[in-house]
1. Select, from Ile5, Ile55, the only residue that is of a type outside the set (Ser, Thr, Tyr), more than 26 Å from Leu291 (Cα to Cα) and within 17 Å of the chain's Cα centre (by Cα).
2. If I ask for residues that are modelled with pLDDT of 95 or more and either among the polar types (S, T, N, Q) or in a loop (DSSP other than H, G, I, E, B) (or both), which ones from the stretch 288-305 would you list?
3. Would you check which residues across the stretch 122-168 are more than 21 Å from His181 (Cα to Cα) and not polar (S, T, N, Q) and list them?
4. From the list Ala76, Ala116, Ala89, Ala95, which one is under 22 Å from Met23 (Cα atoms), within 16 Å of the ligand (Cβ to nearest atom) and outside any loop (DSSP other than H, G, I, E, B)?
5. For the stretch 116-152, what are the residues that are more than 24 Å from Tyr7 (Cα to Cα) and among the hydrophobic types (A, V, I, L, M, F, W, C)?
6. Does the stretch 138-168 hold any residues that are within 16 Å of the ligand (Cβ to nearest atom) and closer than 26 Å to Tyr30 by Cα, and which are they?
7. Could you run through the stretch 169-195 and say how many residues are among the charged types (D, E, K, R) and more than 15 Å from the ligand (Cβ to nearest atom)?
8. Of all residues in the stretch 232-256, count the ones that are at negative phi and assigned to a loop (DSSP other than H, G, I, E, B).
Amino acid sequence: MDLPIVYHPDYVAPLPEGHRFPMAKFWLLYELLLKDGVAYDNQFHIPTVPQQELIELVHTNSYVNAYCQGTLDAKAQRRIGLPWSPALANRTCVAVGGTILTASLALQYGLACNTAGGTHHAFPSYGSGFCIFNDLAIATRVLQKLNLVQKVLIIDLDVHQGDGTAFIFQGDDSVFTFSMHCDVNFPGTKQKSDLDVPLPIGMEDDDYLQTLAKYLPDLLSQVKPDIVLYDAGVDPHIADKLGKLALTDTGIFRRDMQVLTTCVAGGYPVACVIGGGYADNLKDLVYRHSLVIRAATGVMSSKHI
Ligand SMILES: [Zn+2]
């Protein structure tokens, strides 16, 4: 079975010239996967825009309406950090649909990847840090509502703490939130995940991978999730503009392999999202984002799942 990958051309919404969020990366990632023979056209699944009531399993009706209609006040808009447009509103919703689809595919096939997603700074009533709706939280709630899963583990290895996700699931025993992030980085005020592992500035590959190995196997056997949602942000990379850790390409790939092989060996399905990544050199950045899909492809073929 080939790895199911989720992509929609609408993942790219035009932003003003010079905006620091590199949105073209989503399309370039799709192109790179095809060009490098990592994936073939028939592996791609196209998501749809979810019904608003699904988004409202996590977010307040007033926030969803205001965002989708472009009537958020200027302060709330600034906190998101992306200028509103109808195309961006559509892109936001279709990317949430992408993570929902990826999670369903992971349940079906054992492993699946979205070429977007990981908007973990979004809270129920507001967005923040380039994150508008929390796709990880919405996909969790949708699968639970459909009785497809009960227990969910969210592994968030983006360099920034998954504060929105932690807040949303605080006190909810059905969802375990694990965030390993650089301590001295956005968000300034951290929330409390079920397990937070704050890392010092400048941590390199081996220390990072050893830290992850210290927690991950026990976490899986303790939580025994019906599905793992994995935020494979590449902003812990040494060249990332917003990072502050010092992982190499090899380190990121080894990290992704470590997560995927540990989960799959335990029989836990994994839905991956690409998470954050910020660089002026888009080619290098897109290659980094492709690492989780390369890792997942390898795991899928070696395990015959
Ligand atoms: Zn990040």
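The values are calculated or read from the model by the stated rules, or taken from the named source; none is laboratory data. Being a predicted model, the structure only gives us computed values, none of them experimental. With ideal geometry, Cβ positions are generated from the backbone for all residues, glycine too; neighbour counts draw on all protein chains shown.
1. Details: Ile5 fails: more than 26 Å from Leu291 (Cα to Cα).
So the residue among Ile5, Ile55 that is of a type outside the set (Ser, Thr, Tyr), more than 26 Å from Leu291 (Cα to Cα) and within 17 Å of the chain's Cα centre (by Cα) is Ile55.
2. Keep residues of the stretch 288-305 that are modelled with pLDDT of 95 or more, which gives 288-299.
The answer is Ser290, Thr297.
3. Quick first cut of the stretch 122-168, residues more than 21 Å from His181 (Cα to Cα) only: 124-126, 138-151.
The answer is Pro124, Tyr126, Ile138, Ala139, Arg141, Val142, Leu143, Lys145, Leu146, Leu148, Val149, Lys151.
4. Ala95
5. Listed by number, the list holds a single entry, Phe123.
6. Ile154, Ile155, Asp156, Leu157, Asp158, Val159, His160, Gly162
7. Pass one, the stretch 169-195, residues among the charged types (D, E, K, R): 172-173, 183, 190, 192, 194.
Next cut, more than 15 Å from the ligand (Cβ to nearest atom) only: 172-173, 192, 194.
Qualifying residue count, the stretch 169-195: 4.
8. Of the residues in the stretch 232-256, the ones at negative phi are 232-243, 245-256.
With assigned to a loop (DSSP other than H, G, I, E, B) added as a condition, the list becomes 232-236, 238-243, 245, 248.
Number satisfying all stated conditions: 13.
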